[in-house]
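Below you'll find the structure, written out as structure tokens, and then a few comments.
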Amino acid sequence: MTHLRRVLFGILAGILILSAPPVLAQDADDGVEGEVTAGPQYRADDRPGGSAKFEEFRDVPGGFVAERFIFSYRLKEGYALDLKAWDVTQKDQRFSLAFGKQDRFRAYFTWAENPRGWTDRAKMLYADQGDGVFTLDDGLQSAVQAAAASADVLAPIGEWDPLTKGALIKSAIFTGANDVFVGFQRRTGAAGVRFTPTRSFTVDVRAERELRAGTTPQSLGMYFSLAPSEVVAPVDFKTDTLTVGAELDRKNWNLGARLSASDFETGFNSLTWDNQLYLTDTAATATSANPARGRL
């Protein structure tokens, strides 16, 4: 269970309506205004292992934080600049910058970050060798391959009997599994411009890139031997999108067109993992096969 205590104070930068530069100081419509919300925050109670769901989709740091920053600059001629930021320096921070001239053009840039925390108590028996390759200790694999699949030495107690395949894997998980991070960070940036050369014609262009980096739970089923397992697989995604549009607006009708193209890439084309039941390949039959490794 996690409890958050925050002491935030606001600074109304609206009191900073100090006009724009001296050359424009005579124009009443010109000026600078804004707002800042910042202050310290701390966790009153944070039990070990109890904050995974609390921070699943955002960052909740302790110390001094800047939750909101808004800055606007206006000119009488219709030009404007707007800068907005939320949760500055945190893992879920967002920025927005826009400038342009009213009824003529507008250019903008946005940036957003979102964390995704699956859990904070994950362990994995596999060793991540990089490039999407996961291995197990050869000694464990050899012992599991030689062990009996099942035995009736003990009365049924709902557990694997000692020295069977399941008992060896279970013991290895309890004694040799390592803590791993399960989660990723998503970053999205976009830029665009909207241009209106006449009252009835508009053109807009937008480009966006989304990045995801980190890890995610991945079920790797060695179904040849009915021994499914799970690893913390790497995530390295990139998606680019470009959109171009135009619209003609008349008194009694509209005509518009929009074209969008996207491109997706991943830094990992495959995942390769050891079979937890076999260190070496065994001969295939007409109905089954037991490879030492599998690939997805």
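The values are calculated or read from the model by the stated rules, or taken from the named source; none is laboratory data. Quick caveat: nothing in here was measured; it's all calculated off a predicted structure. Positions of Cβ are backbone-derived with ideal geometry, glycine not excepted, and every protein chain shown enters the neighbour counts. Surface accessibility is based on the protein's heavy atoms, side chains included, excluding ligands, DNA and RNA. Shrake-Rupley method; radii C 1.70, N 1.55, O 1.52, S 1.80 Å.
Just a yes or no: is a residue in segment 15-24 within 26 Å of the chain's Cα centre (by Cα), open to solvent by 40 Å² or more (accessible area, probe 1.4 Å) and either on the phi < 0 side of the Ramachandran plot or at pLDDT 85 or above (or both)? No, the conditions are met nowhere in segment 15-24. The residue pairs whose first member lies in segment 254-282 and is under 19 Å from Thr135 (Cβ atoms) and in contact (Cβ under 8 Å) with a residue 40 or more places away in the chain, whose second member is among the polar types (S, T, N, Q) and assigned to a strand (DSSP E or B), and whose beta carbons are closer than 6 Å, counting only pairs six or more residues apart or on different chains, are Asp274/Thr135; Gln276/Ser229; Tyr278/Asn290.
Taken as a whole, the condition of being part of a loop (DSSP other than H, G, I, E, B) and under 24 Å from the mean Cα position of the chain (by Cα) does not apply to Phe237.
Quick grid of which residues meet (1) charged (D, E, K, R); (2) over 26 Å from Thr215 (Cβ atoms); (3) loosely packed, with under 15 Cβ neighbours inside 10 Å:
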site: Leu255; (1), (2), (3): no, yes, yes
site: Arg258; (1), (2), (3): yes, yes, yes
site: Asp263; (1), (2), (3): yes, no, yes
site: Trp273; (1), (2), (3): no, no, no
site: Gln276; (1), (2), (3): no, no, no
site: Thr280; (1), (2), (3): no, yes, yes
site: Ala286; (1), (2), (3): no, yes, yes
site: Asn290; (1), (2), (3): no, yes, no
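From the list Leu279, Leu242, the one residue that fits, being over 22 Å from the mean Cα position of the chain (by Cα), aliphatic (A, V, I, L, M) and at pLDDT 90 or above, is Leu279.
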